[in-house]
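Contents: one structure, followed by commentary.
The values are calculated or read from the model by the stated rules, or taken from the named source; none is laboratory data. Worth saying up front: this structure is predicted, and the values here are computed from it rather than measured. As a convention, Cβ positions derive from the backbone with ideal geometry for all residues, glycine included, and neighbour counts pool all protein chains shown.
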């Protein structure tokens, strides 16, 4: 990655998958948070608002990935979300992308492919943050007559 610590939230109901992927990503110098449900993931985002990328399972009991994605984008619109699924359907992919998902990957996916997507998503989030800061700074200067 680019030397900036990337913070990732992994939301998936399969505990063994979460544990394994958390280890793989942590070894590669990512700061990883985990949640085993959509509700827990949203709660984690509230306590860790500087998460860059969410890796989100589509098919989970209770609050599914699409519903979780909707809530993430309402509460944290610039957080990038990569949808993960072992049960891909064209409909869920289209719906996820329509709702603002950064990308959609099939499980299992190669760690290098996932890392590349996480890097791209984190870079996109940082670019949005920079634009927001720039606009905020310009507005403050304008208000002060500078």
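Is it the case that some residue within the range 119-126 is on the phi < 0 side of the Ramachandran plot, touching a helix residue (DSSP H, G or I) at 6+ places or on another chain (Cβ under 8 Å) and assigned to a helix (DSSP H, G or I)? Within the range 119-126 (the criterion being on the phi < 0 side of the Ramachandran plot, touching a helix residue (DSSP H, G or I) at 6+ places or on another chain (Cβ under 8 Å) and assigned to a helix (DSSP H, G or I)), the answer is no, since none of the residues qualifies.
Residues that are more than 30 Å from residue 132 (Cα to Cα), touching a residue at least 12 places away in the same chain (Cβ under 8 Å) and touching a strand residue (DSSP E or B) at 6+ places or on another chain (Cβ under 6 Å), at least 1 per element: which helices (runs of 4 or more DSSP H) completely within the range 1-111 meet that?
Working: elements: 15-27, 38-47, 65-75, 90-98.
In the range 1-111, 15-27 are the helices (runs of 4 or more DSSP H) which contain 1 or more residues that are more than 30 Å from residue 132 (Cα to Cα), touching a residue at least 12 places away in the same chain (Cβ under 8 Å) and touching a strand residue (DSSP E or B) at 6+ places or on another chain (Cβ under 6 Å).
Out of all the residues in the range 74-112, which are closer than 17 Å to residue 32 by Cα and modelled with pLDDT under 95? Listed by number, the residues that qualify are 83, 84, 111, 112. Selection of the range 97-116 for residues being within 15 Å of the chain's Cα centre (by Cα) and under 18 Å from residue 73 (Cβ atoms) yields 97, 99, 100, 101, 102, 103, 104.
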